[in-house]
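The values are calculated or read from the model by the stated rules, or taken from the named source; none is laboratory data. Just so you know, these numbers come straight off a predicted model, no measurement behind them. Positions of Cβ are backbone-derived with ideal geometry, glycine not excepted, and every protein chain shown enters the neighbour counts.
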Amino acid sequence: MLTKIKNLASLYLQLGPRWSAFRAVYAFRLRTGLIRLQMPMGEWGDYKRLLAERSDERPSRHAVEARQLPENIPWDKQQAIAEADRILNGEIKYFAHEFIKTGFPPNWHMDYVTLSASEGSLLPQSETLRSAQSNMNRHWSQISDDSSTDIKFIWEPNRFAFIYTLVRAYVATHDEKYPEAFWALVEDWAQHNPPNAGPNWMDGQEIALRLMAWTFGYFQFSNSPSSTPNRKAKFILLLAAQAERIYKNIDYAISTKSNHTISEAFGLWMVGLLFPELKHAEKYLTLGKRLLEQSATEQIFSDGAYSMYSLNYHRFILQTYLYAIRLGELNNLQFSNSLYSSIASSLEYLSRLINPETGEMPTYGSNDGALVLPLNNCDFTDYRPLLQLGWYITKKEFLFEPGPWDEDIFWLCGESLTAKSAKKEERRKNLSELRVLSGESFPQGGIYLLRSSNSHALIHCTDYTSRPSHADQLHVDLWIHGHNIAIDAGTYLYSGQPPWRNGLARTSVHNTVTVDNKDQMTMVSRFTWTNWSKGKVLQHNEKLWQGEHDGYKPVTHKRTVMSLEGDRWLVIDDLFAKEPHRYALHWLLNDFPFEQKDNSALLSVDGTKYKVQVGIAEGNSKFSLVRADPNSTRGWRSRYYAHKEPAISLMLEANQSQIVFWTFFGFEDDAVEVVGNELKINSKPISLVE
């Protein structure tokens, strides 16, 4: 009970009295059923009251227009056609990565991920079907989003991200089967998801993303014979009911101070902008714009980083904002210069983290598979489409040479602009101009970079001003010769059987030190941490970064990251307490072929063997190396949501009151030994104590 009181007090102090009061009132509305009275279940026809009496008096609006593919496009249109045909054959891509058999149309309440995993076992299949049927006719407020299986498995196809693929295939082929499929899927969804009934009405963000996809398809298919006046009229009704659901519960999204606020605000703004025939269009438009402007100021830090401490969520909100900016420009309803500045700052920030050869970013914070504007053939891990689009919209320049990542510009900005990109008529900035060999700091976002000639380290450290995503203070990612040697585990699942209930958010899987098997903060729910640890940077220059955090009071933890000659790296962890504690240094390494030698691992990559060696300055320690432990989260990584793959977990443990760990990253022939208080690397001494 005392612990619970302390956690509640911590939440109150960190999130404030307004948040606490709102959540208390919201919980009351849920438990008493008041929210069901405010947003009752019903029929689609009940929402005819939301249509304006005279739509001919409403202003005309412009959406992203239907396109004609230019010649010599730098992407493969056949890939979109092949994926669209898989959709028509009953396969949907989940989390922008893996196709799963769902049937056409799918059962919109079914967890096909669990069903697919349980193939051959009748019990899990029957349980999945029974769960789907039991929730179909319940009010959304009576359904839990936290169970042994992940609600995102149900929500994912209901986002309708596959509509973008159908549009891309239609423009490439002019085959009427694609708009017909669009209408068949929308109509089937409406038949099986009446207003406010079932899990697909639970979350305003899910509704907003669905409306985003629906409206994109609606305008792209508007001239198809399949888009009959009767279908269009019904579509407006479906749109109106879902926009009203967002509007009536928007205060909850606002209370989260997260991407939910931005996505739901965008949903209202977009509907209000593009469908002036709705009675409340102006109200949606005004409120949505105000929240989008406000959220850009509040959630995007001055250093360009994002307040959710997640690069995937950062892409999520930037795709949303870039789409909003473009729609605003098409309708002469531009956003403020301040919003443009925030978006440009974010793009500059991400440009310093991207690998320009692959488009990959470090995995930082929550990674839930969200890709809200899938308009290209690039992999989910490729951020070049985002940066190429953002660079053009904010700077009227191109960051990368022509490639598949140009397709987003084609869809949002038009054929002529893509043609310019393909002809290289615009001077592209060299990414090297955006980087410097000296240290790069993004203190609000908690990211610090050290660069050497052919390697670099990325370090997490911040004094949180908003809700943390992962308990990962002083975590280090390391790249040598373009290879990500020391990696972040990612997310895998938010809900699931232990230990996978957001298990990769914990300190133990990150590249840092744990004390007494504890996290650096207290996890009170899947997404909520209390007793936020405070990180502090002590030094940062060309060759050295040093910082500390207070997550293990009274134990102090200070980490020093040093760039050595020839793309070698040394990390020193200094922990001090008056009483003995169990200290565990952990490194998660990429799943390269490896050999274990004493307290080291030799990773074989493209003919080079990289050495990762650990030790302590004084005392006894226990070394272990694990790959893909079947009974724990140890030795796993996840680059795509709901998909995990093996990694190499290296750990050194000791029981002492104070300890100095050291970790060396180098090459096979490097000689490393401890002599007194010094570490000798190829005979060159480095002090382990200050």
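Here is a yes/no grid of residues against (1) buried (at least 19 other Cβ atoms within 10 Å of the Cβ); (2) modelled with pLDDT under 95; (3) part of a strand (DSSP E or B):
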residue: SER624; (1), (2), (3): no, no, yes
residue: ASP629; (1), (2), (3): no, no, no
residue: ARG637; (1), (2), (3): yes, no, yes
residue: ASN655; (1), (2), (3): no, no, yes
residue: THR663; (1), (2), (3): yes, no, yes
residue: GLY666; (1), (2), (3): yes, no, yes
residue: ASP669; (1), (2), (3): no, yes, no
residue: LEU679; (1), (2), (3): yes, yes, yes
residue: PRO685; (1), (2), (3): no, yes, yes
Filtered residue count, the stretch 280-306, keeping only those that are more than 15 Å from LYS248 (Cα to Cα) and either in a loop (DSSP other than H, G, I, E, B) or within 26 Å of the chain's Cα centre (by Cα) (or both): 17
Output for the stretch 532-559, where each listed residue is of a type in the set (Lys, Arg), assigned to a strand (DSSP E or B) and out of contact with any Leu (no Cβ under 6 Å at 6 or more places or on another chain): LYS534, LYS536, LYS558
Selection within the stretch 573-594 - farther than 27 Å from ILE659 by Cα and among the charged types (D, E, K, R): ASP591
Only listed residue being more than 27 Å from the chain's Cα centre (by Cα) and under 30 Å from HIS139 (Cα atoms), chosen from MET110, MET39: MET39
Subset tally (residues that are touching a helix residue (DSSP H, G or I) at 6+ places or on another chain (Cβ under 9 Å), outside any helix (DSSP H, G or I) and of a type outside the set (S, T, N, Q)) for the stretch 174-194: 3
Test: residue in the stretch 526-544 that is within 25 Å of TYR641 (Cβ to Cβ), surrounded by fewer than 16 Cβ atoms within 10 Å (Cβ to Cβ) and in the same structural domain as PRO646 (by TED's automatic domain parsing): yes
Every pair of residues 6+ apart whose Cβ atoms lie under 7 Å, when the first sits in the stretch 294-306 and is within 16 Å of THR320 (Cα to Cα) and without any contact (Cβ under 8 Å) to a residue 40 or more places away in the chain while the second is surrounded by 22 or more Cβ atoms within 10 Å (Cβ to Cβ) and not aromatic (Phe, Trp, Tyr): SER295/THR261; SER295/ILE262; SER295/ALA265
Test: residue in the stretch 562-573 that is in the same structural domain as ASP488 (by TED's automatic domain parsing), of a type in the set (S, T, N, Q) and not in a strand (DSSP E or B): no
Contacts under 6 angstrom Cβ, first residue in the stretch 396-407 being crowded, with 19+ Cβ neighbours inside 10 Å, partner aliphatic (A, V, I, L, M) and at pLDDT 95 or above, 6 or more apart: LEU399/LEU387; GLU407/LEU375
Test set (1) of a type in the set (Phe, Trp, Tyr); (2) assigned to a loop (DSSP other than H, G, I, E, B); (3) surrounded by fewer than 22 Cβ atoms within 10 Å (Cβ to Cβ) - PHE576 fails condition number: (2)
Qualifying positions in the stretch 647-689 - of a type outside the set (A, V, I, L, M, F, W, C) and within 20 Å of THR512 (Cβ to Cβ): SER649, GLU653, ASN655, GLN656, SER657, GLN658, THR663
Extreme residue, surrounded by the most Cβ atoms within 10 Å (Cβ to Cβ), among residues of the stretch 133-157 that are over 23 Å from ALA208 (Cβ atoms) and at pLDDT below 80: THR149
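Here's the yes/no breakdown for (1) over 19 Å from TRP140 (Cβ atoms); (2) touching a strand residue (DSSP E or B) at 6+ places or on another chain (Cβ under 8 Å); (3) assigned to a loop (DSSP other than H, G, I, E, B):
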| residue | (1), (2), (3) |
| --- | --- |
| SER224 | yes, no, yes |
| ARG231 | yes, no, no |
| LYS234 | yes, no, no |
| LEU239 | no, yes, no |
| TYR252 | no, no, no |
| SER255 | no, no, no |
| HIS260 | no, no, no |
| GLY267 | no, no, no |
| MET270 | yes, no, no |
Single residue of ASN230, ASN223, ASN249 found to be free of Cβ contacts under 8 Å to residues at least 40 places away in the same chain and surrounded by fewer than 24 Cβ atoms within 10 Å (Cβ to Cβ): ASN230
